[in-house]
There are 6 protein chains.
Amino acid sequence: MKCIVLPEKFDYDGSQISSLWAYNSFGVQEDSIVVFRGSCDVKIEHMIDLEDRRENESIWSEDMVSFIIEHFDSTDLKLVYARQRLFTAIVREYLADVGVQTTREGDDLFLKGKKLTVSIASTSAVSQKAHFGINVSHDVYGNLEEAGLGDEENVSRLMQEIGARYVREFEDIEKDLRKSRPLGVV
Amino acid sequence: MKCIVLPEKFDYDGSQISSLWAYNSFGVQEDSIVVFRGSCDVKIEHMIDLEDRRENESIWSEDMVSFIIEHFDSTDLKLVYARQRLFTAIVREYLADVGVQTTREGDDLFLKGKKLTVSIASTSAVSQKAHFGINVSHDVYGNLEEAGLGDEENVSRLMQEIGARYVREFEDIEKDLRKSRPLGVV
Amino acid sequence: MKCIVLPEKFDYDGSQISSLWAYNSFGVQEDSIVVFRGSCDVKIEHMIDLEDRRENESIWSEDMVSFIIEHFDSTDLKLVYARQRLFTAIVREYLADVGVQTTREGDDLFLKGKKLTVSIASTSAVSQKAHFGINVSHDVYGNLEEAGLGDEENVSRLMQEIGARYVREFEDIEKDLRKSRPLGVV
Amino acid sequence: MKCIVLPEKFDYDGSQISSLWAYNSFGVQEDSIVVFRGSCDVKIEHMIDLEDRRENESIWSEDMVSFIIEHFDSTDLKLVYARQRLFTAIVREYLADVGVQTTREGDDLFLKGKKLTVSIASTSAVSQKAHFGINVSHDVYGNLEEAGLGDEENVSRLMQEIGARYVREFEDIEKDLRKSRPLGVV
Amino acid sequence: MKCIVLPEKFDYDGSQISSLWAYNSFGVQEDSIVVFRGSCDVKIEHMIDLEDRRENESIWSEDMVSFIIEHFDSTDLKLVYARQRLFTAIVREYLADVGVQTTREGDDLFLKGKKLTVSIASTSAVSQKAHFGINVSHDVYGNLEEAGLGDEENVSRLMQEIGARYVREFEDIEKDLRKSRPLGVV
Amino acid sequence: MKCIVLPEKFDYDGSQISSLWAYNSFGVQEDSIVVFRGSCDVKIEHMIDLEDRRENESIWSEDMVSFIIEHFDSTDLKLVYARQRLFTAIVREYLADVGVQTTREGDDLFLKGKKLTVSIASTSAVSQKAHFGINVSHDVYGNLEEAGLGDEENVSRLMQEIGARYVREFEDIEKDLRKSRPLGVV
């Protein structure tokens, strides 16, 4: 599994959640997590979460760090959602490690009661994907600036480190499941 | 999904990881998490982790809280491992919420550098299961007493609360995946 | 699993077979069976059965009871077709219980040699669905009026009862599969 | 899919539910339904239903018709249970067609309030199987004799016909799923 | 599984890789391999391989033999790719049997260092498909004429024989997997 | 995926087909192909192919090269059989490349009409495995000595090269399926 951190600003408009975006953009032929920073403005046709559509929610942030995860090993919805939750927990752990306490509710993190993150996961016939976004700055929602992590260096470290941690977690799981005997039965 | 917390002491010898143990013992016909407290002494024939077998590891604790998770919705190894990792993160979150900082490495939690927990996950032809154990007291390894959570009330609350959180997480995921559109494709 | 019986007339144009229609329309985040009554006129772009398309079949009824089943636990075509056949058998059983004998051929029921019902099943990347329609009145095909079940009360009871029976069957299966040991092997 | 009706008496002791029994006994290398008649006395080690084991239930009949279904196309528990329920409905339909009214509750048929049948389904790592037994005669339970179908000719016809109907149903499903377009999405 | 060899010229424009094309065109309701000969000119919207799209590759041949394989028994990408590679090996074996040595690299065959074939595989929500094309004549790429197999009779035999071999291989596999016991475990 | 060629003689008694043998013996936590040379004498309890058991076949060779493939990415029988056939084709290709013509029938290779190889594949709840053996010398069956490849150097090269080719094929497939768009639909 490969982690790609984009060096330049890159805006998220929701089309990046499409299957094969990572291959099409960067030629990567592994499972991947692509990390970038830029504005976020999800167009209605790319909204995966029907709740957002129904409620005409805007998913908007002037400055957001985005993580785009893609796995081709399964198209099981249950699996991508378990992975998405696990990723959310990894982000929370990283933030705690750098001194920022947040609370997790499902796939959302809250900073002092304000929603810090957005996330969605789904599948196509060929892959499973998740998007996870963290506001760097925001007028209404929680954001990394308020958490004291808004400067270039901190944001950059967060992008690198969280991407790397997810890859490590994935590879660790792949190794663990290759040394476990099947269950006995009562 | 059902959470069952056993009111009496119950010792873990590894046979509880077998498929259908919860049905056989408690008649439960849902996915379940069973929580109990007692000694832990895993017999060699119940060791699922071949690494432990190969290294002739003893999995022993005089006083341990055990969580036994069983799902029948899939027998995918990848899924049960993702769920096990997520469960581990949930335990860490609970501990942090009650003021105890630990570090997570895969499915292990460490308290001041000492291993606090044991865990394994696997599948049979009919279900997937995970065991997660937290030492209440231990001569060598990390334990809840050292963390200041060893008294009856704290242990009891931890058992109830972590069990309930996992059920909530599972049910939240099941709801989320029922409102997500399939991915578009590049 | 939830059964929703719509209190008002609702026309079926085939778009209701789309994945997530139940969530989008009623906010339901469980597997579901939605039952309603109204005219049926399936537009060509919503025809799932290619045989109908090829033969330029019209799927039309001035008054039909429709059942829309959606499951998110699997996207296996074989499973949704087995469930569709089972549902057809449940409808037949209900009709027999209220004194109306029909014959079943696959997913079709016949009343005195005339086709009484229409049905289709398929999957998307996120869910599996089936539609099952029973004519209340029809110039050509079999219908509930001819069966002596065309009055408001009988139609209403049929909608409630068949919906409830399918939910009961599904939940009964989910319980049964949680108490069965894996097979031995010769 | 192949239907094999054994010409001689054959007793069911539960070992026939094991995977690959049909291949081992008859060399059949297709999905199959094997039908035979004889006594039924299931040994404890072959009891698949843990409820029977827990309640020390005896599964015994001096004269029973048995259907043994095996599919290798999937090891999904949900699928084999849906198929088992569908098979039960097929048996009920056959009995109704020859003038015997029964009621179905899940995988059980009742004749005048008395349980007429036994059934179980499960999977191994290589196949899925179901057993369905109908008492020909019995001191306590419902049976074909009481239904007026106990003579040689009727039993023999029932064995042939139900086996053939299940094969037809299975093949009909396999054809139907090969002409259905994927679902659209809301 | 059915093999259909089209008697008339038929041009490949890429739309034939769509799911259900075989049913829609020929009414076949089995897994199938359809074989035909004609020009090949794949439109951009039917290009499945994103590498070709990205590189603006033209997939063009004035005279090509095409094999279109469709299976409905699984929508697993790994399986259709294993089958595609196996099919490629079958083609190579056939060519060797008629005296033409080629080399295989993944899903490509080379004749005297020139690419002789094109191939792609993928899945939808309802089926898995592969296309495999062999140039009969070509200005740039390897082709059957250069191999001395370009005359009507040789091309016709190749179409019949390779189609039949794949069906045989598939059916042989289906039989073999119905006589294998599950693995033991260390 | 890892290829391990054992430097010392190692006898095959059939127990090596068990899941997790590679981990237990060599600590490998990847999908793997283990290659070794030694006598072959499969004990009845390790016979996976029931045909061999039924016919009381002996699987015996005084000197055989064995390939043991294990994948943990799926427990689908259809997939491991497709991979086994592909592996067989790879062996044939290698032999052709070093000047030895064989014919393939399913998972068997024949040298001048004599069976040169043995093979079996199956799954457990946690992995899928295949064994493929090539006689180096044999009184009755085809063997590498007769093919002029029986000397130490040729056998050693064959072991290295075929193992490496399978790893390459597997990795090539994994890359290819990460650049293919889902199929359109008619």
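Charge tally around C:D11: other residues with Cβ under 12 Å, Lys/Arg +1 each, Asp/Glu -1 each, net -2. The angle separating the long axis of helix B:77-97 from the principal Cα axis of greatest extent in chain B is about 60 degrees.
Each copy carries a label point for D:E45 at 7 Å from Cα along the beta-carbon vector; from one copy to the others these points are 1.3, 1.3, 6.3, 6.4, 6.5 nm apart, nearest first.
How high is the relative contact order of chain F? Use alpha-carbon pairs under 8 Å, at least six apart in sequence, and give a whole percent. Relative contact order here is 22 percent.
The angle separating the long axis of helix C:152-176 from the principal Cα axis of greatest extent in chain C is about 10 degrees. Counting from the shortest, the label point at B:E62, 7 Å from Cα toward Cβ, is 6.1, 6.3, 6.3, 8.5, 9.0 nm from the same position in each remaining copy.
The rotation axis taking chain D to chain E passes closest to the C-beta of one chain D residue; that residue and the distance in whole Å read D:D73, 3.
Considering all C-alpha pairs of segment E:44-85, those separated by over 13 Å amount to 67%.
Peptide packing: for C:38-48, B:116-126, E:87-97, the average count of neighbouring Cβ atoms within 10 Å per residue gives the ranking B:116-126, E:87-97, C:38-48, highest mean first. Modelled spin-label separation between F:K2 and F:E55, with each label point placed 7 Å from Cα along the Cα-to-Cβ direction: 3.7 nm. Volume per residue for segment E:1-72 equals 83 cubic angstrom (convex hull of Cα atoms). Between identical copies, the spacing of F:E171 label points, each set 7 Å from Cα toward the C-beta atom, reads 1.4, 3.9, 4.8, 4.8, 5.3 nm from nearest to farthest. Using 7 Å Cα-to-Cβ label points, what is the D:D151/C:Q160 separation (nm, one decimal)? The modelled label-to-label distance comes out at 4.6 nm. Binning all Cα-Cα separations of segment A:2-176 at 10 Å, short to long from zero, yields these whole-percent fractions: 10, 41, 38, 10, 0. Out of all Cα-Cα pairs in segment F:101-186, roughly what percent, to the nearest whole number, are more than 19 Å apart? Summing the P(r) of segment F:101-186 above 19 Å gives 57 percent of all pairs.
Between D:K43 and A:F110, what is the FRET efficiency for a Förster distance of 45 Å, r being their Cβ-Cβ separation, to the nearest 0.05? It would help to have the intermediate numbers written out before the result.
On the way: r = 58 Å, r/R0 = 1.28.
Between D:K43 and A:F110 the formula returns 0.20.
Within segment F:2-176, DSSP assigns beta bridges of which about 85% are antiparallel (rounded to the nearest 5). Note on F:103-112: average number of Cβ atoms from other chains within 10 Å of each residue's Cβ is 2. Peptide B:15-22 has a mean shielding of 4, counted as Cβ atoms of other protein chains within 10 Å of each residue's Cβ.
Count, for each residue of D:45-51, the Cβ atoms from other chains sitting within 10 Å of its Cβ, then give me the mean as a whole number. Numbers along the way, then the final one.
Numbers: counts 1, 3, 2, 7, 4, 10, 7.
Across the residues of D:45-51, the mean count of other-chain Cβ atoms within 10 Å is 5.
Bridgeable lysines around B:K129 (alpha carbons under 21 Å apart, same-chain partners fewer than 8 residues away excluded): A:K78, A:K175, A:K179, B:K2, B:K43, B:K78, C:K175, C:K179, D:K78. Each 20 Å bin from 0 upward holds the following percent of the Cα-Cα pairs of the protein assembly as shown: 11, 39, 39, 10, 0.
Read-outs: derived from the displayed coordinates by stated rules, not from any lab. All values reported here derive from a predicted model rather than from experimental measurement. Don't worry about glycine lacking a Cβ; one is built from the backbone with ideal geometry, like all the others, and counts go over all protein chains shown.
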